[in-house]
1. Using only helices, what value at 222 nm comes out for the chain when you add -39,500 (n - 2.57) per DSSP H run of length 4 or more and divide by the total residues, to the nearest 500 deg cm²/dmol?
2. Determine the distance separating the Cα centre of the stretch 44-121 from the Cα centre of the stretch 233-265; give it in Å without decimals.
3. Taking 10 °C and 1.306 mPa s as the conditions, I'd like the Stokes-Einstein D for the stretch 78-305 in µm²/s, using the Kirkwood hydrodynamic radius from alpha carbon pairs.
4. Just to be sure I understand: with springs between alpha-carbon atoms less than 10 Å apart, which residue in G294, G115, G128 has the highest mean-square fluctuation in the Gaussian network model of the chain?
5. Regarding the stretch 1-127, what's the average projected area of the Cα-atom convex hull, expressed in nm²?
6. Quick check on packing: order 22-29, 205-212 by the mean number of other C-beta atoms within 10 Å, highest mean leading.
7. Please work out how much length the chain gains when fully extended from E77 to A12, using 0.36 nm per residue of separation minus the C-alpha to C-alpha distance, in nm with one decimal.
8. Fully extended, how many nm does the chain gain between Q305 and R212 (0.36 nm per residue separation, minus their Cα-Cα distance)?
Amino acid sequence: MPCLEISDLITATDPRSGHRLPVRRGDVLRQVREYGDQCAARIVSALPVNQGDILDPDAVDRLLVTVHTELQRLSEELRIGERLVHLLGPLCTAVHATATRSGPLRLVDVGCGLGYLVRWLAATGALGPDVELVGVDLNAALVNEAARLARSEGLDCSFVHGNAFHLPDAATIYISTGVLHHIRGPALTEFFRLQAESSALAFCHYDIAATRLAPIGAWVFHRARMRHPLGRHDGVASAQRAHSDAALLRAATVPGMRPLLYEPNGLANPFCTTLRPVLGIRPHLEVPLRQALGRASRRLVGPEQFPEGTQ
C-alpha cells in the first residue's frame, strides 16, 4: 500500500476561504502509524507543537519552504521547464489559432508551490509575450515566497493565495506539475470536471509517470538532493502514489473535454521519463494541436487506445 505524504498531513486549509486550520500532531501520527510507516512517524514526532498538541504553523511553513526550495533545484537539474514547453508551446499555438477574441492567454498554475514553472516561463519568455502567467496555491507561505522571488527577479507574473477554480478572472489553460498524485479517488474526477465546467479551453497537468523504475529513481534523486528527511520521504512516496495512465485518462474523461495522454508508458523510455502530462482540450482544438505538434502528435493517445479494464 502506497505511503502517505507527510506534507499533505501537516497543513490543512479551508478550500474555499483559504483560511489555515489547526492540525494536531497526534492525529497525523495516528494516520501514518495506521499505514505502518514508522519512518514518517519519527519525522512527525520531531515537529514542534504549541498548546493543545497543535503543530506550530510557523515552523511547518518554514519547513515546507525549505523542502520546496530543494525541489526547485531538482526541477532545474531535470530541466522540467524545457520539457513542459515542448507541449505547452504547441498547445498555446493551437489556442491562438482558433481564438475568437483578442487578448493574451491566461495560464494558471494550480498548486504552484514556490512558482518555479511560472517564474521560469516568465524569465525565458518561452511561450511568447501574449501569455499571462499566474500561480495559485492554498498554502499562503509558499505563495508569499513565490511572489517575493518573482519581485526580486523582476519577473512579469503574479501569484495568488486561494483556490485556482474560484478566481475572479478565468483561466484559458490550467496547468500543474506534481499535483495529481496528491488527489485520490473521486476527487480526481472532480478536479478535472471543475475545469471542464469553467470557460477554460484546455488543461495540461504533468505528474510522475507510474513506471516500475519511478520509486527507485525518486529514492536516488531525493537522497542525493534533499537534506531534510521529510523531503526524502515524500519524494519516494510521491512516486509510489503516481496514477497509472489508464486511471488518469478515465478520470479526465469529463463532458466537454477531449482527454489525451502524451507519451504514455508504452511509448516512452522508462529510463528517461520522469513526468508525463494528461491533457483535456475542447474538441475543436485537437486538429490544430496535432498540426502544431507535427510528427510528435503520434505520441498523443486517447482513452480509446486503452482497453476497458486496463489498470
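Bear in mind these aren't lab numbers, they're just calculated from the coordinates by the rules spelled out. Predicted, not measured: the structure shown is a model, and the values here were computed from it. We place every Cβ from the backbone using ideal geometry, glycine too, and count neighbours over all the protein chains shown.
1. For the chain, the value works out to -13000 deg cm²/dmol.
2. That distance is 18 Å.
3. 88
4. G294
5. Seen from a random direction, the Cα hull of the stretch 1-127 projects 11.1 nm² on average.
6. With the highest mean Cβ count within 10 Å placed first, the list reads 205-212, 22-29.
7. 20.4 nm
8. Between Q305 and R212, full extension yields 31.4 nm more.
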